1. Collect the residues in the stretch 78-105 that are under 18 Å from N43 (Cβ atoms) and open to solvent by 30 Å² or more (accessible area, probe 1.4 Å), keeping them in residue-number order.
2. Select, from N152, N206, the only residue that is without any contact (Cβ under 8 Å) to a residue 60 or more places away in the chain and closer than 30 Å to G464 by Cα.
3. Exactly one condition in (1) buried (at least 20 other Cβ atoms within 10 Å of the Cβ); (2) in contact with an Asp or Glu (Cβ under 6 Å, 6 or more places away or on another chain); (3) modelled with pLDDT of 95 or more is not met by L181; state its number.
4. Look through the stretch 219-261, keep the residues that are open to solvent by less than 20 Å² (accessible area, probe 1.4 Å) and assigned to a helix (DSSP H, G or I), and return whichever of them is farthest from I407 (Cα to Cα).
5. Looking at (1) more than 26 Å from D470 (Cβ to Cβ); (2) without any contact (Cβ under 8 Å) to a residue 40 or more places away in the chain; (3) not aromatic (F, W, Y), which is the one condition that is false for L220?
6. Could we say that L110 is in a strand (DSSP E or B) and open to solvent by less than 70 Å² (accessible area, probe 1.4 Å) here?
7. Out of curiosity, is K298 more than 30 Å from V209 (Cα to Cα), in a helix (DSSP H, G or I) and open to solvent by 30 Å² or more (accessible area, probe 1.4 Å)?
Amino acid sequence: MAFNKRIKIKTILDQHPIGSEITLMGWVRTKRSNKNVSFIALNDGSIITNYQVVADPNLIAEDILKKCTTGACLKITGTVVESQGAGQASELHAKSIEVLGEADPEKYPLQPKKHSLEFLREIAHLRMRTNTFGAVFRVRHALAFAVHQYFNDKGFFYIHTPIITASDAEGAGETFKVTTLDIANPPRTEEGSVDFKQDFFEREANLTVSGQLEGELAALALSEIYTFGPTFRAENSNTTRHLAEFWMIEPEMAFYDAEDNADLAEDFLKYLINYALKNCKEDLQFLENRLLDEEKSKPADQRSEMGLMDKLKFVAENEFVRITYTEAIEILKRSKPNQKKKFQFLIEAWGADLQSEHERFLVEKHFKKPVILTDYPKEIKSFYMRQNEDGKTVAAMDILFPGIGEIVGGSQREERMDLLVSRMEELGIPTDEMWWFLDTRRFGSTPHSGFGLGFERMVQFVTGMGNIRDVIAFPRTPGNAEF
């Protein structure tokens with residue numbers, strides 16, 4: 001059985017090899033039959049479009065055709081001919097059909113009807129066979145490829161930072177522990193605490209929340225690097241924006257200041273969107289139509305002003321607005337939602353930690369453009385961010401997108417040894433355990449910057465999916481590690 005000689009449906013639709021004998025393999029989406037002919041809609045995942053196969057009962061045995069039910073996997077050999085019906089230019093007239101895998105029509109959960117996203121999350125092992133999730137994961141692939149192409153073309157080096165670490169880059173403490181100790185009966189010290197000296201790494205270890213700190217080490221040798229890998233946050237958040245396991249893209253650049261950092265991030269985001277618009281037209285069009293159907297059930301005042309494709313083009317073609325945190329606070333304090341107490345978290349004074357509702361107001365209502373917010377109060381940002389001359393703020397940068405809120409977070413890093421150490425001491429971060437990080441400030445320090453892009457949030461924005469659990473194949477959330 002020469003599987004490698006099959007032709008993908010995408011190739012047929014690109015080339016329409018009329019008169020050629022070919023072999024297709026894929027899954028049945030629908031089948032309709034009468035006594036003279038059967039029409040099988042086949043999909044192999046290479047493209048959103050199904051391909052029509054015409055099967056003559058005089059050529060294909062009845063017992064085979066009976067097994068060609070929705071969900072069954074088939075190998076079909078036949079001749080490509082011009083289609084007599086509307087919808088596609090060609091179709092396959094089957095000469096032989098082999099059932100590679102049957103699907104009991106009474107038990108197969110993906111029937112040819114509309115299923116809710118909630119139901120599909122319960123069968124995540126099968127949901128990629130639907131049009132919606134096939135489209136989402138082809139777009140996800142395209143965006144992942146574009147990430148590597150963008151940085152490669154700019155001369156960045158791809159660094160694999162560790163998944164198991166002994167540091168908490170964000171300092172939030174919401175980490176998953178990694179251990180080989182007997183959890184039911186761990187060894188104890190004389191003081192009664194767990195004796196991690198007997199653990200595999202001879203110290204406490206956890207899954208990484210960020211590759212940034214190790215990325216900085218690489219940037220201070222190779223100048224420009226990026227990481228793209230899984231990160232983990234043990235935050236008990238059951239929201240449409242949070243996952244316990246997600247992928248982060250984190251470039252780190254020596255000789256970049258805060259403005260260079262913002263320039264790169266804006267250019268990078270626009271590149272990804274343009275790549276998707278150019279290479280994922282059919283899938284994005286399907287996802288846009290899906291959103292339009294969803295919008296019809298919403299009240300008029302809650303409907304989006306732009307379709308998915310227009311929204312993507314708008315972001316890709318417009319300059320991002322750049323304002324300081326201080327300017328943003330003044331806008332929010334004077335805003336109608338704040339004055340009429342419509343915000344869940346009211347903005348009363350400088351120093352407030354902005355919430356998603358504030359970020360989205362700035363983007364969607366006030367500026368109606370993506371926003372780059374800079375110069376946050378140092379008290380609400382991480383220890384490694386460069387302190388500004390005012391002593392109150394740091395050279396931080398967040399990029400806010402419509403429908404998402406924060407999509408990128410970054411900063412110029414604190415390269416001055418004395419200021420970094422004093423800030424770590426203020427926050428109770430043990431400098432002796434971070435000796436390796438501080439060494440980069442002791443030996444050949446230089447201004448440098450970086451940012452992190454949550455990959456799933458980017459996929460969510462580009463696909464228009466409302467829940468982040470629907471843009472990663474097997475979401476990890478509180479109480480959910482089924483598949």
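The values are calculated or read from the model by the stated rules, or taken from the named source; none is laboratory data. Keep in mind the model is a prediction, meaning the values are calculated, not measured. Glycine gets a Cβ as well: all are built from the backbone with ideal geometry, and neighbour counts include every protein chain shown. Just so you know, the surface numbers come from the protein's heavy atoms only, side chains and all, with ligands and any DNA or RNA stripped out. Shrake-Rupley method; radii C 1.70, N 1.55, O 1.52, S 1.80 Å.
1. G85, G87, Q88, A89, E98, V99, L100, E102, P105
2. Values: N206 fails: closer than 30 Å to G464 by Cα.
Among N152, N206, only N152 is without any contact (Cβ under 8 Å) to a residue 60 or more places away in the chain and closer than 30 Å to G464 by Cα.
3. If we test L181 against (1) buried (at least 20 other Cβ atoms within 10 Å of the Cβ); (2) in contact with an Asp or Glu (Cβ under 6 Å, 6 or more places away or on another chain); (3) modelled with pLDDT of 95 or more, just (1) comes out false.
4. The extreme case among them is A219.
5. (2)
6. no
7. Details: more than 30 Å from V209 (Cα to Cα): yes; in a helix (DSSP H, G or I): no; open to solvent by 30 Å² or more (accessible area, probe 1.4 Å): yes.
No, not satisfied.
Yes/no per residue for (1) under 30 Å from M306 (Cα atoms); (2) touching a Pro at 6+ places or on another chain (Cβ under 9 Å); (3) acidic (D, E):
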{"residue": "I331", "(1), (2), (3)": "yes, no, no"}
{"residue": "K342", "(1), (2), (3)": "yes, no, no"}
{"residue": "G351", "(1), (2), (3)": "no, yes, no"}
{"residue": "Y384", "(1), (2), (3)": "no, no, no"}
{"residue": "D390", "(1), (2), (3)": "no, no, yes"}
{"residue": "L400", "(1), (2), (3)": "yes, yes, no"}
